[in-house]
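Read through the structure below, which is laid out as structure tokens, and then see the notes.
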Amino acid sequence: MYLHGTSKINNSGHLEIGGVDVVDLAEKFGTPLYIVDEALVRQRAREYVQAFNETGLKFQVAYASKAFSVKAMCVLAEQENLSLDVVSDGELYTAIQAGFPAERIHFHGNNKTVEEINMALEVGIGCFVVDNFIELHMLNDLAAKKDKVVNVLLRITPGVEAHTHDYISTGQQDSKFGFDLGNGSAREAVIQANELPQINLLGVHSHIGSQIFEVEGFRMAVEKVTQFAVAVRDEFGILFTVINVGGGFGIRYTEEDAPLPISQYVHAIADAIKTNFTAADYAWPEIWVEPGRSMVGDAGTTLYTVGTSKNIPNVRKYLAVDGGMTDNPRPALYQSKYEAILANRANEEATEVVSIAGKCCESGDMLIWDLNLPEANSGDLLAVFCTGAYNYAMASNYNRIRRPAVVFVKDGQADLVVERESLDDIVCNDVIPARLQKSSLAK
Ligand SMILES: Cc1ncc(COP(=O)(O)O)c(C=O)c1O
Ligand SMILES: N[C@@H](CCCC[NH3+])C(=O)O
């Protein structure tokens with residue numbers, strides 16, 4: 001059994017996270033429950049900041065809030081001196097409501113709306129990561145109406161294919177994101193951005209994919225970006241002062257995963273920047289990164305209550321829990337693998353192999369296939385590890401299932417940061433038009 005961060009098995013044989021017995025958490029907050037190990041999130045943030053401090057480069061570590069965006073997380077990011085990457089008005093609003101400093105917010109997205117851009121202009125965010133020509137001109141026009149000049153990075157697709165799941169590799173040429181480096185559109189974007197009066201071009205952004213375990217892809221991306229920076233300097237005299245290499249740093253979900261220490265990714269990127277820019281006699285730019293998964297992924301644990309089971313002799317035993325693809329769609333989307341234990345009987349020997357099913361009306365609603373566990377009974381607690389990133393963030397109300405609560409645990413204290421949805425929350429946006437109401441139907 002691999003335990004992340006402050007997780008351990010206590011004297012009662014229960015899983016404990018942040019000094020809190022999860023059996024107590026289940027009693028107090030109910031299940032399913034997302035539990036976030038606050039100390040581990042802070043540790044990850046500090047690993048990034050410390051590693052960058054060692055490089056001597058100017059930097060920003062922008063937490064990719066798409067991984068887990070709630071107000072308490074934005075406060076934590078602020079306290080740890082991170083910047084914030086947002087991709088929608090919802091993520092921006094969450095950050096602003098949490099009091100996150102607007103000037104440290106970077107706005108992403110391949111289809112930002114007029115309303116979203118206006119909102120970002122009004123609150124005065126630090127940087128727009130511009131994805132395409134339509135957005136570039138829209139941003140210039142909207143900024144002109146407010147008499148503002150805005151900082152911009154151009155998102156480019158460097159043509160680097162990360163060795164990861166097809167659906168989450170985004171640096172290759174055939175991608176919906178960004179200006180293509182290979183076909184000249186990135187060059188054209190620089191020319192246009194440079195001519196637009198409200199645009200202050202800082203540099204470029206690239207993101208090669210997610211859950212990446214090697215540094216080679218980042219090195220290659222930096223090399224391509226440097227070549228582009230040099231070409232732009234030599235042709236137009238334009239200098240980039242910021243290079244953003246995105247996120248994608250991998251984490252350990254199961255023993256199959258072998259991520260590198262955060263400092264190794266950081267130093268590889270920094271070294272590549274220094275070497276390439278020095279060789280081109282180019283002043284070192286600031287380096288920005290956007291880690292999401294590696295900031296919060298292994299700090300999250302989802303706690304479920306075991307309900308029913310179905311044994312098909314010589315085939316498989318299914319064990320059903322009170323959540324599923326609604327709180328964790330990743331196994332269904334990406335065939336992602338997770339580790340789990342019986343949290344209230346954590347010291348007991350595994351005696352059988354079971355597959356963990358969710359409660360949705362969907363055969364694909366499986367959380368884990370073939371998990372070794374002690375024989376579980378209804379009422380036992382199952383803890384699934386590494387659910388901090390893209391779980392709450394991607395949760396849905398399919399089957400009108402209520403989204404779970406989220407608690408932060410630290411030093412023996414547990415604090416609710418998101419309340420469990422109520423049945424009233426489920427229907428709160430529903431409207432029955434007058435013509436469908438009972439009185440009109442009766443006519
Ligand atoms: C542009 C961009 N930045 C940052 C991230 C965060 O990636 P990760 O959570 O893998 O660090 C993503 C998602 O993959 C992204 O698309
Ligand atoms: N949502 C994906 C990765 C994020 C992609 C964002 N660009 C996951 O759960 O792994």
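Read the figures in this text as sums done on the coordinates, not as results from a lab. Note that the coordinates shown come from a computational prediction; the quantities given were computed from them, not determined experimentally. Virtual Cβ from ideal backbone geometry, glycine too; neighbours counted across all protein chains shown.
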- Message: For region 108-291, take N as its residue count and report Rg(C-alpha) divided by 2.2 N^0.38 Å.
- Response: 1.04
- Message: Using the basic label-point model (7 angstrom from Cα toward the beta carbon), what is the Leu333 to Asp425 distance in nanometres?
- Response: 1.9 nm
- Taking the DSSP beta bridges in the chain as the whole, what percent of them are antiparallel, to the nearest 5? 45 percent
- Query: Hey, in the GNM for the chain with a 10 angstrom Cα cutoff, which one of Leu423, Leu136, Leu382 fluctuates hardest?
  - Reply: Leu423
- Using θ = phi - 60° and Karplus 6.51 cos²θ - 1.76 cosθ + 1.60, couplings along region 379-385 (whole Hz; Gly, Pro as x): x, 5, 10, 10, 9, 9, 8
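Can you tell me the length gained on complete extension of the stretch Arg316 to Asp174, counting 0.36 nm per residue apart and subtracting the Cα distance? Could the numbers behind the result be given before it?
Numbers: separation 142, 0.36 × 142 = 51.12 nm, distance 4.03 nm.
Length gained, Arg316 through Asp174: 47.1 nm.
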- Message: Quick check on the exposure proxy: order Ser422, Ser439, Ser83, Ser65 from fewest to most C-beta atoms within 10 angstrom.
- Response: Ser439, Ser422, Ser83, Ser65
- Message: Helix-only estimate, please: 222 nm mean residue ellipticity of the chain, summing -39500 (n - 2.57) across DSSP H runs of length 4 or more and dividing by its residues, to the nearest 500.
- Response: -9000 deg cm²/dmol
- 5 angstrom amide H check on His205, placed H, neighbours 5+ away: Leu154, Arg155, Ile156, Asn244
- Message: Just to check I understand the Karplus step: with θ = phi - 60° and J = 6.51 cos²θ - 1.76 cosθ + 1.60, what whole-Hz values come out for region 15-28, glycine and proline as x?
- Response: 5, 10, 10, x, x, 10, 6, 5, 5, 5, 4, 4, 5, 6
- Task: Once you have the Cα-Cα distance between Trp369 and Glu255, take 0.36 nm times their residue separation minus that, and quote the gain in nm to one decimal.
- Result: 39.6 nm
- Note on the structure: Any residue on another chain or 5+ positions along whose placed amide H is under 5 Å from the amide H of Leu57 is listed here as none
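What pairs from Lys310/Lys337; Lys58/Lys337; Lys66/Lys359; Lys58/Lys148; Lys66/Lys337; Lys71/Lys145 go past 29 Å between their alpha carbons?
Exceeds cut-off: Lys58/Lys337; Lys71/Lys145.
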- So what is the relative contact order of region 271-347, in percent, for Cα pairs below 8 Å that sit 6 or more residues apart? 14 percent
- Query: In the Gaussian network model of the chain, springs joining C-alpha atoms below 10 Å, which of Cys361, Cys74, Cys386 carries the largest mean-square fluctuation?
  - Reply: Cys361
- Among Asn140, Asn429, Asn276, determine the one that fluctuates most according to a GNM of the chain built with springs between C-alpha atoms less than 10 Å apart. Asn429
- Can you pull the one-decimal nm distance between simple spin-label points at Lys274 and Asp141, each 7 Å off the Cα toward Cβ? 4.6 nm
- Length-normalised contact order for the chain - Cα pairs under 8 Å, 6+ apart - percent: 19 percent
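From the C-alpha gyration tensor of the chain, pull out the three semi-axes of the equivalent ellipsoid (sqrt of 5λ each), sorted largest to smallest, in whole Å.
Square roots of five times the eigenvalues give 41, 27, 20 Å.
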- Note on the structure: The long-range amide H neighbours of Ala64, using H built 1.01 Å from N in the peptide plane and a cut-off of under 5 Å, are Asp85, Gly292
- Task: Run down the aspartates and glutamates and flag those whose C-alpha is under 17 Å from the C-alpha of Lys112, throwing out any fewer than 8 positions away in its chain.
- Result: Asp85, Asp89, Glu91, Glu122, Asp131, Glu135, Asp141
- Note down the net charge around Pro331, summing +1 for each Lys or Arg and -1 for each Asp or Glu among other residues with Cβ under 12 Å from its Cβ. -1
- Query: Among Val353, Val123, Val245, what is the fewest-to-most ranking by other Cβ atoms within 10 Å?
  - Reply: Val353, Val123, Val245
- Query: Can you run phi through the Karplus equation (6.51, -1.76, 1.60; θ = phi - 60°) for region 145-160 and list ³J(HN,Hα) in whole Hz, with x for Gly and Pro?
  - Reply: 4, 9, 6, 10, 10, 10, 6, 9, 10, 9, 7, 10, 9, x, x, 9
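Can you give the extra length, in nm with one decimal, that the chain gains between Leu416 and Gln79 once fully stretched, where that is 0.36 nm per residue apart less the Cα-Cα distance?
119.5 nm
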- Task: Could you line up Trp369, Trp288 from fewest to most neighbouring Cβ atoms inside 10 Å?
- Result: Trp369, Trp288
- Estimated inter-spin distance, Asn118 and Phe236, nm [label 7 Å along Cα→Cβ]: 2.9 nm
